[in-house]
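What follows draws every value from the coordinates through simple rules; no lab data is involved. Worth saying up front: this structure is predicted, and the values here are computed from it rather than measured. Because the Cβ atoms are built from the backbone with ideal geometry, glycine has one as well, and the counts that use them run over all protein chains shown.
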Amino acid sequence: QKEVEQNSGPLSVPEGAIASLNCTYSDRGSQSFFWYRQYSGKSPELIMSIYSNGDKEDGRFTAQLNKASQYVSLLIRDSQPSDSATYLCAVNILKASGTYKYIFGTGTRLKVLA
Amino acid sequence: DVKVTQSSRYLVKRTGEKVFLECVQDMDHENMFWYRQDPGLGLRLIYFSYDVKMKEKGDIPEGYSVSREKKERFSLILESTSTNQTSMYLCASSGGLAGGGYNEQFFGPGTRLTVL
């Protein structure tokens with residue numbers, strides 16, 4: 001089982017719709033959770049971080065965390081063609097050595113159709 | 001404006017050549033990382049450093065070494081390149097102790113290395 005799993009997509013949604021991206025993780029010691037957006041040929045950039053159960057909203061983006069079920073999701077409201085990108089889920093785990101390990105999923109490709 | 005810079009955007013090398021990739025951050029971050037990104041495999045950690053002169057192996061350290069002599073600078077060295085090291089190399093940095101904790105990572109623009 002991969003430590004962080006995402007559906008590779010592509011996930012296609014019409015412009016103006018809600019895009020829902022999901023991520024599951026295997027390590028219950030995971031402490032912090034991040035969503036990054038990566039445009040083709042570019043490096044990842046942070047969209048949102050979330051640390052506690054529940055929802056966190058920032059503009060058109062909402063991150064949802066459920067530690068009991070070990071999943072984190074990202075909702076994009078009023079999707080725009082400019083949202084078309086690959087979305088990476090990342091999880092930070094505290095290892096027994098006392099250092100943190102940052103683990104990325106392989107990403108979900110989102111296509112917003114005009 | 002936070003910034004992570006990488007020494008080259010594109011590199012083409014022949015098998016067996018030495019490659020030196022440099023990464024510089026201006027955020028006074030403790031932690032710096034080197035990843036490679038390949039289609040279908042995502043981001044894979046090569047090495048990271050949580051302090052000057054400190055380094056820790058990631059998931060795929062074979063064929064790579066690193067150096068961190070100054071806090072702002074983290075170098076990735078490929079002593080003798082092979083074709084399977086053709087990839088996108090991404091450097092990142094984060095604040096916080098011992099690998100980042102609750103802190104996000106900031107990425108450089110990446111270096112696309114092709115080994116012929």
Subject >> Cα Rg, Dmax, chain B, angstrom units >> reply: 13.3, 40
Original post:
Ranking B:I60, A:I93 by Cβ neighbours within 10 Å, fewest first, what do you get?
Top reply: B:I60, A:I93
**OP:** Can you give me the P(r) profile for the protein assembly as shown? Cα pairs, bins 10 angstrom wide beginning at 0, each as a whole percent.
**Re:** 8, 33, 35, 20, 5, 0
Original post:
GNM, chain B, Cα, under 10 Å: largest mean-square fluctuation among B:M32, B:M88, B:M54?
Top reply: B:M54
Original post:
What is chain A's relative contact order, in percent, from Cα pairs under 8 angstrom and six or more apart in sequence?
Top reply: 37
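If you wrap a convex hull around the C-alpha atoms of chain A and split its volume per residue, what is the figure in Å³?
Enclosed volume per residue, from the Cα hull, is 101 Å³.
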Original post:
If you take the charge dipole of the range A:32-114 about its Cα centre, with +1 on Lys and Arg Cβ and -1 on Asp and Glu Cβ, which of A:G54, A:L110, A:L75 is farthest toward its positive end?
Top reply: A:L110
Original post:
What residues qualify as long-range amide H neighbours of B:R112, i.e. H under 5 Å apart, gap of 5 or more or another chain, H built at 1.01 Å from N?
Top reply: B:Y10, B:L11, B:Y89
